[in-house]
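The values are calculated or read from the model by the stated rules, or taken from the named source; none is laboratory data. The structure presented is a predicted model; accordingly, all values stated were derived computationally and were not measured. Every residue, glycine as well, gets a Cβ built from its backbone with ideal geometry; the counts of neighbours run over all protein chains shown.
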Amino acid sequence: MTYHDYLELDKVLDSQHPKSFEPGNQPAHDEMLFIIVHQAYELWFKQIQFELDFIQRVFGKSQINDNDEDLNLVRHRLHRIIRILELLNQQVTLLDTMTPLDFLEFRNLLTPASGFQSLQFRLVEARLGLRMEERHGKDYYRRTNEGGLTTAEYDTLTRTEGHKSLLDQVNDWLERMPFFQPLYWSAYPGSFWEDYRERYRESLTEREKGKLDDFDTVFFGAPAGRFSPAALRAALFIMLYRDFPVFQTSFQILDSLIEIDHWMAGWRHKHLTMVRRMIGMRVGTGNTTGAGYLEGAMSSHFVFRDLAALSTFLIERRNLPALPMELIRHLGFNK
């Protein structure tokens, strides 16, 4: 076997066919860059889905041992997704070496093809937990005519949305957290959450007093977001007491999910900035509103916003309620 054969470079390197170089067209030098950058995007989207395959298999289990290697591998592979998204953000700067006039030399040859039609990116969003009804301009996604997804692609996206997303699985995992069982709290004077609520109230400034109502709604009211109150209580508890050994991996997983959202939003922002520079306020090649669509998606396509919002309800470490010794023994490595 050779390097060339192993990587199947005959296929890879023979997959760039600029339309502007076809007979009868004026060759546009920057179209090659445009093709290669987008092909690289699709390869990285494939790798993200490959990492999600493993992550979702682990979270799909009915029981997950916090001290098992699986959870640590989930943390590691979420971190890899973050690094890929960081790279995708940097990759936009390569397209920025192309000027608007350079792009106009071949843009009309792309119609009605559009980055909007990237099925892999839509699948990444759906597998993370973005639902159709939450998508900005959701009617765009239902199109199977010119500029939209094909019927087969739309069916694939719909089937994927019918399965449990990573968000759903993480919610189930958090709800199963065992550390609120009464056997750990028999020596605790009163109720932990009543105690914490009072300490949170004392931490609020006069202008923040309304946040106490938010606390009651988020953690003890009817579910308002994608995560249940029980799951959010568990997530907050992990964030508050993350320095205990058992919670370190769990906290890093939650933090990684929030960071993935941030990098996805950053990529959308860079894409929006690039599109505005390239075509101003013209419509997209796939008949979307162009920059207008991207701006709406950037502001609304957050998957793990409920987890990110938990920082609203943190208090200083020094004011945290002291946990009972029976629980502390189970939160350390020495039981």
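One table, with the values for the structure above:
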{"read-out": "Test: residue in the range 68-77 that is β-branched (Val, Ile, Thr), modelled with pLDDT of 95 or more, more than 17 Å from the chain's Cα centre (by Cα) and not in a loop (DSSP other than H, G, I, E, B)", "value": "no"}
{"read-out": "Lone unmet requirement of (1) part of a helix (DSSP H, G or I); (2) crowded, with 16+ Cβ neighbours inside 10 Å for MET98", "value": "(1)"}
{"read-out": "From GLU51, GLU42, residue being of a type in the set (D, E, K, R), touching a Phe, Trp or Tyr at 6+ places or on another chain (Cβ under 9 Å) and either in a helix (DSSP H, G or I) or under 23 Å from VAL170 (Cβ atoms) (or both)", "value": "GLU42"}
{"read-out": "Neighbours by Cβ (under 6 Å, 6+ apart or cross-chain): first from the range 32-52, within 12 Å of HIS17 (Cα to Cα); second surrounded by 16 or more Cβ atoms within 10 Å (Cβ to Cβ) and not hydroxyl-bearing (Ser, Thr, Tyr)", "value": "MET32/PRO18"}
{"read-out": "Residue tally, condition within 23 Å of LEU320 (Cβ to Cβ) and free of Cβ contacts under 8 Å to residues at least 40 places away in the same chain, over the range 157-201", "value": "10"}
{"read-out": "Given (1) free of Cβ contacts under 8 Å to residues at least 24 places away in the same chain; (2) more than 30 Å from MET32 (Cβ to Cβ), number of the condition LEU101 does not satisfy", "value": "(2)"}
{"read-out": "Residue count, the range 264-291 (criterion: of a type in the set (Gly, Ala, Ser), part of a helix (DSSP H, G or I) and either surrounded by fewer than 16 Cβ atoms within 10 Å (Cβ to Cβ) or modelled with pLDDT of 70 or more (or both))", "value": "2"}
{"read-out": "Tally, over the range 7-39, of residues that are among the polar types (S, T, N, Q), more than 31 Å from the chain's Cα centre (by Cα) and not in a loop (DSSP other than H, G, I, E, B)", "value": "1"}
{"read-out": "Failed item, numbered, when ASP243 is tested on (1) surrounded by fewer than 19 Cβ atoms within 10 Å (Cβ to Cβ); (2) assigned to a loop (DSSP other than H, G, I, E, B); (3) at pLDDT below 90", "value": "(3)"}
{"read-out": "Test result for PHE116, assigned to a helix (DSSP H, G or I), crowded, with 17+ Cβ neighbours inside 10 Å and modelled with pLDDT under 90", "value": "yes"}
